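Engineer: One structure is given below, represented as structure tokens, and several questions about it will come after.
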Amino acid sequence: MSTLQQQQPMPHLEDWDDFIAGRYREGKAQEEFRVYDAKANPGVAEFYRQNHQHQTLEYVRAKEAEYYPLSRGKKSIWEAAEFLNTLVDDSDPDTDLSQIEHLMQTSEAIRKDGHPRWFVLTGFVHDLGKVLCLYGEPQWGVVGDTFPAGCAYSDQIVFPEYFAANPDSKVPEYQTKFGIYEPNCGLDNVHMSWGHDAYVSKVAEKYLPEPAIYMLRYHSFYAAHRHGAYRHLMSAHDEQMFRWVREFNPYDLYSKGQSKPNVKELRPYYEDLIAEFFPAQLDW
């Protein structure tokens, strides 16, 4: 197996989205939960094996230092979405949707339900951080359930057994309940595993309201917003903001099967919406 194949265990990045949607499908019977073994989902299991092995505190801090300065040049939101379109794999038989169409499925579902314009825009931009793949980052450093690094791993994270291979699991300080953090220190002070959530929230943080930034930053933090894990690190303000994360989550999970949006017809609406909140060019 080549190094590239080892880094990219899922044939298509969207396989992770499909897996997550199935994992958190509403109305599942109790016996259906946590059936996520390697035989049932070999590509996703291998992805999480790599993710849980390599997402160390040192790695996370290095990626924050690399990407948080936003030194990858300037692009408009629409240019970033078109750039992300190059991730589309023509060999994927399951979808003919572009990345922009995927983004619009989410935002159009939000718009249909009458949410504020900033909420609609959050739906459109929430996956733009996946451009990390186009910068050469491996899948395990772009998508996946996110979690705090530098403290004990929750058993509510999918495939928690794979953390045994993470070097941090051998560091006693990192494997206590609070680890390197103080009780209820607030998530702003926590180093979350690296991925598209962290990157896009940094890009957008000066332009969208705080609830939107929480949606972007923590929409893959399923252990917290679905299972209530890590509340011992959250501040009272985090608890208040997480109602927005939970409100956003169903649109992220379940909009993919909706009708294909007409990008040409909708583009003027989204260009106006983007211009209302973002400058013509912004740092990435």
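The values are calculated or read from the model by the stated rules, or taken from the named source; none is laboratory data. The shown structure was predicted, so the numbers you read here are calculated from the model rather than taken from an experiment. Neighbour counts run over all protein chains shown; Cβ positions are idealised from the backbone, glycine included.
Engineer: As an exercise: evaluate Ala212 against (1) closer than 23 Å to Tyr68 by Cβ; (2) in a loop (DSSP other than H, G, I, E, B); (3) of a type outside the set (Lys, Arg) and give the number of the one condition it does not meet.
Structural biologist: Only one criterion in (1) closer than 23 Å to Tyr68 by Cβ; (2) in a loop (DSSP other than H, G, I, E, B); (3) of a type outside the set (Lys, Arg) is unmet by Ala212, namely (2).
Engineer: Can you name the condition, by its number, that Ser220 falls short on among (1) over 10 Å from the mean Cα position of the chain (by Cα); (2) hydroxyl-bearing (Ser, Thr, Tyr); (3) closer than 23 Å to Asp168 by Cα?
Structural biologist: (1)
Engineer: Only one of Thr106, Thr146 is in contact with a Phe, Trp or Tyr (Cβ under 8 Å, 6 or more places away or on another chain), in contact (Cβ under 8 Å) with a residue 60 or more places away in the chain and part of a helix (DSSP H, G or I). Can you tell me which?
Structural biologist: Numbers: Thr146 fails: part of a helix (DSSP H, G or I).
Result: Thr106 is the single residue among Thr106, Thr146 that is in contact with a Phe, Trp or Tyr (Cβ under 8 Å, 6 or more places away or on another chain), in contact (Cβ under 8 Å) with a residue 60 or more places away in the chain and part of a helix (DSSP H, G or I).
Engineer: Let me ask something else. Look through the stretch 249-284, keep the residues that are touching a Gly at 6+ places or on another chain (Cβ under 9 Å) and at pLDDT below 95, and return whichever of them is farthest from His219 (Cα to Cα).
Structural biologist: Ser255
Engineer: Anything in the stretch 71-85 that is loosely packed, with under 15 Cβ neighbours inside 10 Å and assigned to a loop (DSSP other than H, G, I, E, B)? List them, or say none. Give the derivation first.
Structural biologist: First pass over the stretch 71-85, keeping only residues loosely packed, with under 15 Cβ neighbours inside 10 Å: 71, 73-74, 79, 82, 85.
Correct list: Ser71, Gly73.
Engineer: Any idea which residue in the stretch 229-252 is surrounded by the most Cβ atoms within 10 Å (Cβ to Cβ), counting only those that are hydrophobic (A, V, I, L, M, F, W, C) and within 17 Å of Asp145 (Cα to Cα)?
Structural biologist: Initially, the stretch 229-252 is screened for residues hydrophobic (A, V, I, L, M, F, W, C), giving 229, 233-234, 236, 241-242, 244-245, 248.
Those still in the list that are within 17 Å of Asp145 (Cα to Cα) too: 229, 242, 245, 248.
On the way: Ala229: 20, Phe242: 21, Val245: 21, Phe248: 25.
Of everything passing the filter in the stretch 229-252, Phe248 is surrounded by the most Cβ atoms within 10 Å (Cβ to Cβ).
Engineer: Another one. Suppose we filter Gly136, Gly114, Gly195, Gly123 for residues that are modelled with pLDDT under 95, of a type in the set (Gly, Ala, Ser) and either surrounded by 23 or more Cβ atoms within 10 Å (Cβ to Cβ) or over 15 Å from Asn51 (Cα atoms) (or both); which single one remains?
Structural biologist: Details: Gly114 fails: modelled with pLDDT under 95; Gly195 fails: modelled with pLDDT under 95; Gly123 fails: modelled with pLDDT under 95.
After applying the criteria, what remains is Gly136.
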